[in-house]
Structures are given as structure tokens and as C-alpha cells.
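Reading through the C-alpha cells given below for one structure.
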Amino acid sequence: MEISKELFAKSCKLIPGGVHSPVRSFKGLHQTPLFVHHAKGAYIYDEDKKSYIDFCMSFGPLILGHAHKKVSEDITHAISKGWSYGACEKYSLELASFIVDNISFIEQIRFMNSGTEAVMTAIRLSRGITGKDKIIKFDGCYHGHSDSLLIASGSGLVTDDRTASSAGIPDGVKNDTLVLELGNLELVKQVLEKYHKEVAAIIIEPIPANFGLLPQKADFLKGLRQLATEYNTLLIFDEVISGFRMGFGGMAQQLSITPDLVTYGKIIGGGMPVGAVAGLQKFMKHLAPQGDVYQAGTLSANPLAMVAGLSTLQELTADHYQTLEQNTQNIVGLFKDWLQNSPEAKSWSNYEVINKGSLFWIKSDGQGTKFADFYQLLLQKGIYLAPHAFEVGFCSLAHNEAVQEELKERLWKTN
Ligand SMILES: *Cc1c(COP(=O)(O)O)cnc(C)c1O
């Protein structure tokens, strides 16, 4: 970690907190972040030339693994023809067709640059369509860092006790975001009865994966669909993580629930900066220039992101999803076995491992010293988790049997 340490010290002078996104900072982990030199398959290599099995995978986009050969070739081919036109091109058309052809509830899609932008647009679109201002979101879901979505519920269940999770958010914005308890359909119903004339949309991660992994009952999500229809408000599924991961059509397809709008990011750009809003034409047509809800972007539908996205999505066959889930189950089994049976892990034997599809979460006691020690030990062993107790683990197709063997060896080897 010597070189990484020096680089981080330099970074802290030039960049607030030394990082370009807070979750990279290793805050609370009693150490400084490693600096990645390069990555391949399931491994990242730091500036100190140490290798790590990567379970962060850039926080989700790299479902095929790092530097996947075909994706890399497709990007290289595209880059020779220029990489930004600010004009119409065929790459985004091909990606749009591929998605619309394969997901039944999508007729139109608009590409942008990040998941945050996608969610922000979906909210504006809902407000534009319904002529209403308020939104309902749930405690324990993350939807990017736009103002109206950085509101958390306070200590109480109901909606008058809201706090902004960031400084700089106006009260007016706070008043328009109702934050409810996950899984409590009765509460959603009560709030809609009271506020339905004002609620433009209900937004949810259909499998919340940003404050640990919090799988929801199908009945709750189906109930939201019914209530949204009943009270004339839109249902937005934020599938920025789960889209193309919990099967091609994400949770919506898995549960046969049709959201009015869906937001994507992460996998849909294959590791390049991207976001997308999609849905039926009757909703999407309200976006400018066809409709009166404005949205734009200098680098939107960037050719390299479109190529990386299409190249990635084309690899995601039913067989590959099965392999991916099997990889994940094996890996979860290895972590569980080590946590329960290794003398070295005895301080953490109460940690559980929760798994859904190719996501897993090592459920700890939160961000205390005990977790910091756990994290540090794994790092020493050459195992890289996303650097926070509430971040989930991501598996990829590159986490194959050879990597699983290596994981087992690294877990059990003691110095
Ligand atoms: C990552 C994420 C976002 C934000 O996407 P960015 O590309 O980081 O802006 C929004 N919603 C969910 C569910 C996410 O996981």
C-alpha cells in the first residue's frame, strides 16, 4: 500500500477528500484507498503491484468482468472512427433496438450520461405528465444525487419528519419528497389517500442494493403497481443496478410487473458513463423535442458508451445468467464457510451473507472498528470488497471456477 498511500496524500491536496465519489474514500476503514493500476477479468492490480479478487466491479457495470476481450475489441474498432459527434449516429439506434426488441414494456428509450441523470429525468417526466409535484420514495433506496432524491426519512415512519442527506437542499424540495418505510404497503396507501392529488410518482429500487441488499416481497411491489394505477400516479422502477443483472429485463421482467418508467445505468453502458430512461411511448413521447419536458446532453448517447453497452448486452444469454448465479452461489458459500469455520474469522462469525442473483451482501455490524478490521484482513488477503459496510458485492462472468479456487485459497491462507 506504500505507493497508494503517497498518491492518496497527493490527491487529498488537489481533490476534496482525495476522491471523485465519496464511497471510494475508505472513510471509517482506518486506512487509505488503494490506487488501481489496471484490471483484467475478476482481478484488479494496484500501483503497488498487488492483485485483488474484485467484488466491487466498478459498483456493478462490469457484468462480464474487467477488460472483456470482445467489448474491448468493439470499443477499439469504434474509437478509430471518432468518439463524439453531437449528432445522430447508428450506435445508439442499434442499442435502442436491441433493448426494445428484448424487453416487452419498453417502446422508447432516451440515453444520457449517468444513473443520476436518468432518475432526475424520470422524475421531471412524471411531473410533466401528471402535472403534480410530490414524489414518494423509500427509506433504504438510493436513486443518485439529484436534490429531490437526497431526502431521507428522519426517525419517524411518516412523512413530516424528513431530513436532507446533504447540505444545500432547499426546503421546497424537501417538502415535495415523501419518504416512506420499505415494505409497508398500508402506509403507502394511507399517504396516497391523503396526498394523491399531489403525487406524481412512486420511485423504488425493486431490489434495494445500496444500503445493503434488502430483497422485497413480490406482493409489496405488485401492491405498489396497483396503488399507482388506482391513484393516477406513475410507478418508476429504478433498475440502475438490477437492470440486465437480475435477468435481462431486470426485476420488472422477473416479477412480471410493468413499471410506467424504468431507469437504467451501470450495465447498460458496459462500464462507460451512461444512463437511460425507458418506457411506453405514451409516457416517453412527453420528452423534448417531441414533448414539453426538457432533457438534453452534450455527450448523451456517446458512441463508445453505446458500443460498450451493446457489446455487453449481446453476451447476456440465458445460459450466461445461469452461470453468473452459480458463480455467485459458490462464492457466497466460500465466504459463509470461512466466516463460520475459520479460527481467523471468529470475531465475525455472526456476519451473515445475503444473496440474490449475482449480488451478495456481507451483513456486518455496520461501519465500526470490527468491520474495519474485517475489511483490512480481506484486503491483506487480496480480496477487494466495495469499501463500505452497506455496499453490496457484485459478481461477474469472470468470477469463474478458477477464481473461486483462488478465493478459497486466499481466504484460508494465514500468515
Ligand atoms: C448507481 C445508482 C444510481 C446513480 O447512478 P450514477 O451513474 O452513479 O449517477 C441511481 N440509482 C441506483 C439504484 C443506483 O444503484
Percent of Cα-Cα pairs per 20 Å bin, from 0 to the last occupied bin, for the chain, please list those. 26, 58, 17, 0
Enumerate the amide H contacts of VAL353 below 5 Å, restricted to partners 5 or more residues apart or on another chain; note that Pro and chain-start residues carry no placed amide H. LYS363
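Taking 22 Å as R0, compute the FRET efficiency from the Cβ-Cβ separation of GLU181 and GLN226 and round it to 0.05. All intermediate terms of the calculation are to be shown ahead of the outcome.
Details: r = 18 Å, r/R0 = 0.83.
Approximately 0.75, to the nearest 0.05.
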Could you list which residues have their amide H under 5 Å from that of HIS37, counting only those 5 or more apart in sequence or on another chain, with H placed in the peptide plane? TYR45, ASP46, GLU47
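DSSP loop (so not H, G, I, E, B), at most 13 other Cβ within 10 Å: list which trypsin sites (Lys or Arg not before Pro) in the range 180-219 pass both filters.
Sites meeting the loop and neighbour criteria: LYS197, LYS217.
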Starting from the Cα of SER166, step 7 Å along the direction of its Cβ; do the same at SER97; then give the gap between the two resulting points in nm. 3.8 nm
What list of ³J(HN,Hα) couplings, whole Hz, do you get for the range 9-18 from phi and the Karplus terms 6.51, -1.76, 1.60, once you set θ to phi - 60° and write x for glycine and proline? 4, 4, 4, 5, 6, 9, 10, x, x, x
Arrange PHE98, PHE390 by Cβ neighbour counts within 10 Å, fewest through most, would you? PHE98, PHE390
Given 5 Å bins starting at zero, what is the percent of C-alpha pairs of the range 359-415 in each, up to the one with the largest pair distance? 4, 17, 25, 26, 19, 8, 1
Among GLU352, GLU117, GLU186, whose mean-square fluctuation peaks in a Gaussian network model of the chain (Cα, cutoff 10 Å)? GLU186
Please list, in order along the range 185-200, the HN-Hα scalar couplings obtained from phi with the Karplus expression 6.51 cos²θ - 1.76 cosθ + 1.60 (θ = phi - 60°), rounded to whole Hz, x for Gly and Pro. 5, 4, 5, 4, 4, 4, 5, 5, 4, 6, 10, 4, 6, 10, 8, 7
Which length gain, in nm to one decimal place, applies between THR130 and HIS37 when the Cα-Cα distance is subtracted from 0.36 nm times their residue separation? 28.7 nm
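Could you list, in their original order, any pairs among LYS336/LYS370; LYS132/LYS266; LYS40/LYS408; LYS49/LYS381 whose Cα atoms are separated by more than 23 Å? Display every interim value, and only then the final one.
On the way: LYS336/LYS370 17 Å; LYS132/LYS266 29 Å; LYS40/LYS408 19 Å; LYS49/LYS381 14 Å.
Violating the 23 Å limit, Cα to Cα: LYS132/LYS266.
Arranged from highest to lowest average of other beta-carbon atoms within 10 Å per residue, in what order do the peptides 77-84, 286-293 appear? Display every interim value, and only then the final one.
Values: 77-84: 11.8, 286-293: 13.4.
So the peptides 77-84, 286-293, ranked by packing, come out 286-293, 77-84.
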Considering the dipole of the range 287-415 built from charges on the beta carbon (Lys and Arg +1, Asp and Glu -1) around the Cα centre, which of ILE362, ALA372, PHE394 is farthest to its positive end? ALA372
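Could you give the length gained by full extension between TYR85 and LYS194, i.e. 0.36 nm per residue of separation minus their alpha carbon distance, to one decimal place? It would help to have the intermediate numbers written out before the result.
Values: separation 109, 0.36 × 109 = 39.24 nm, distance 4.84 nm.
Result: 34.4 nm gained on full extension.
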Once phi is turned into ³J(HN,Hα) by the Karplus curve 6.51 cos²θ - 1.76 cosθ + 1.60 with θ = phi - 60°, what whole-Hz value does each residue of the range 240-246 show in order, with x for glycine and proline? 4, 8, 7, x, 6, 10, 8
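For an R0 of 41 angstrom, estimate the FRET efficiency from the Cβ-Cβ distance between LYS285 and LYS174 and round to the nearest 0.05.
Numbers: r = 31 Å, r/R0 = 0.76.
It comes out at approximately 0.85.
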For each pair in LYS174/LYS285; LYS70/LYS346; LYS194/LYS356; LYS217/LYS282; LYS27/LYS222; LYS217/LYS346, compute the distance between the two Cα atoms and list the pairs where it is over 31 Å. LYS70/LYS346; LYS194/LYS356; LYS27/LYS222; LYS217/LYS346
For LEU180, list long-range residues whose amide hydrogen, built 1.01 Å from N in the peptide plane, is under 5 Å from its own amide hydrogen. LYS137, PHE138, ASP139
Averaging over all projection directions, find the projected area of the Cα convex hull of the range 1-100 and quote it in nm² with one decimal place. 9.1 nm²
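Read the figures in this text as sums done on the coordinates, not as results from a lab. No experiment lies behind these values; they were computed from the predicted model shown. So basically every Cβ, Gly included, is an ideal-geometry build from the backbone, and we count neighbours across all protein chains shown.
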